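**Student:** The structure is given below, and queries will be raised subsequently.
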Amino acid sequence: MRTYEELFILKPDAPEEEMDQVIEQMSSVITSGGGTVDKVDKWGKRRLAYRVDKYREGHYVLIVFQAAPETVKELERRLRVTDLVIKFLTVRIDETLKRQEKRRKQREKRASRKAASMPPAPAPAQPMFTEEPVEG
Amino acid sequence: MAESRGRPGSASQRPTGGDKAVATQKKQYFRRKKVCRFCVEKIDDINYKDVKLLNAFVAERGKIIPRRISGVCGPCQRRLSDAIKKARNIALLPFAAEV
């Protein structure tokens, strides 16, 4: 089960129901393949940086989900076939999320260790100071 | 008597002006110690969806700013350029913008 992120652009002139229908279809593809949908985020209409299929605006939708690789292939095939979708991008994010978690934990550990072993000295120059034994 | 003066270009003989000494002849190569913005601010997540962040590293025409100008460190520059290319693919950033 890998975590993926799918960002796709729908045609701007499509009615709301049809857009929701497309999102439902994609979610069902994911769940029928044994995956779970974590988050569905609709960004709304946005100006595109360049013209795609004669459109200058598009409706962005982001889906974060967990699925097997075969499901992703099926999902992409469906997106390609759907008329309403003009562009899509699938990104695998489980490794990045893992790395970010690790970095964050390391940072927290380092910060807590620093706070415990080095109590901040109020006066800059102290001729005599007792150093407390650092407990690892 | 035998004074070992060392070879003429040895580091001990050369004045330790460092970069400034070279600078008189050619362009200065280290202007000032530029630090990687991501490492300093500890930004972990260089996401392709973060157009505001990416725009700071993209020139007027849409080209990616080189590392020696933006001051970004190696790994971060690679991640940044990956993110910019993904953003270009999904029409969040242009491939080539008109000035």
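The values are calculated or read from the model by the stated rules, or taken from the named source; none is laboratory data. Values in this document were obtained by computation on a predicted structure and should not be read as measured data. Note: ideal-geometry Cβ built from the backbone for every residue, glycine included; neighbour counts use all protein chains shown.
**Student:** Would you tally the residues in segment A:86-110 being over 17 Å from B:Cys39 (Cβ atoms), in a helix (DSSP H, G or I) and within 9 Å of chain B (Cβ to nearest Cβ)? Explain how you work it out, then say what you get.
**Tutor:** The initial filter retains those residues of segment A:86-110 that are over 17 Å from B:Cys39 (Cβ atoms), namely A:86-98, A:101, A:105, A:108-109.
From the residues that got through so far, the ones that are in a helix (DSSP H, G or I) too are A:94-98, A:101, A:105, A:108-109.
With within 9 Å of chain B (Cβ to nearest Cβ) added as a condition, the list becomes A:96.
Of the residues in segment A:86-110, 1 are over 17 Å from B:Cys39 (Cβ atoms), in a helix (DSSP H, G or I) and within 9 Å of chain B (Cβ to nearest Cβ).
**Student:** Find all pairs meeting these conditions: Cβ atoms under 6 angstrom apart; at least six residues apart or on different chains; first residue within segment B:41-56 and assigned to a helix (DSSP H, G or I); second residue of a type in the set (Gly, Ala, Ser) and exposed (fewer than 15 other Cβ atoms within 10 Å of the Cβ).
**Tutor:** none
Rundown of residues vs (1) surrounded by 15 or more Cβ atoms within 10 Å (Cβ to Cβ); (2) at pLDDT below 90; (3) under 16 Å from A:Arg77 (Cα atoms); (4) more than 10 Å from chain B (Cβ to nearest Cβ), yes/no style:
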| position | (1), (2), (3), (4) |
| --- | --- |
| A:Lys11 | yes, no, no, yes |
| A:Glu18 | no, no, no, yes |
| A:Gln21 | no, no, no, yes |
| A:Met26 | yes, no, yes, yes |
| A:Ser32 | no, no, yes, yes |
| A:Arg47 | no, no, no, no |
| A:Asp53 | no, yes, no, yes |
| A:Val61 | yes, no, no, yes |
| A:Val64 | yes, no, no, yes |
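**Student:** In segment B:55-99, how many are within 13 Å of another protein chain (Cβ to nearest Cβ) and under 13 Å from the mean Cα position of the chain (by Cα)?
**Tutor:** Our first condition is that a residue be within 13 Å of another protein chain (Cβ to nearest Cβ); within segment B:55-99, this holds for B:55, B:58, B:61-62, B:75-76, B:79, B:82-98.
Retained after the next criterion (residues that are under 13 Å from the mean Cα position of the chain (by Cα)): B:75-76.
The total comes to 2.
**Student:** Another question, if that's okay. Condition first: assigned to a loop (DSSP other than H, G, I, E, B) and farther than 13 Å from A:Ile86 by Cβ. Now tell me which residues in segment A:34-60 satisfy that.
**Tutor:** A:Gly34, A:Gly35
**Student:** Quick check on A:Thr31: is it in a strand (DSSP E or B) and not aliphatic (A, V, I, L, M)? Don't jump to the end; show me each part of the working.
**Tutor:** Details: in a strand (DSSP E or B): no; not aliphatic (A, V, I, L, M): yes.
No; evaluated as a whole, the condition is false for this residue.
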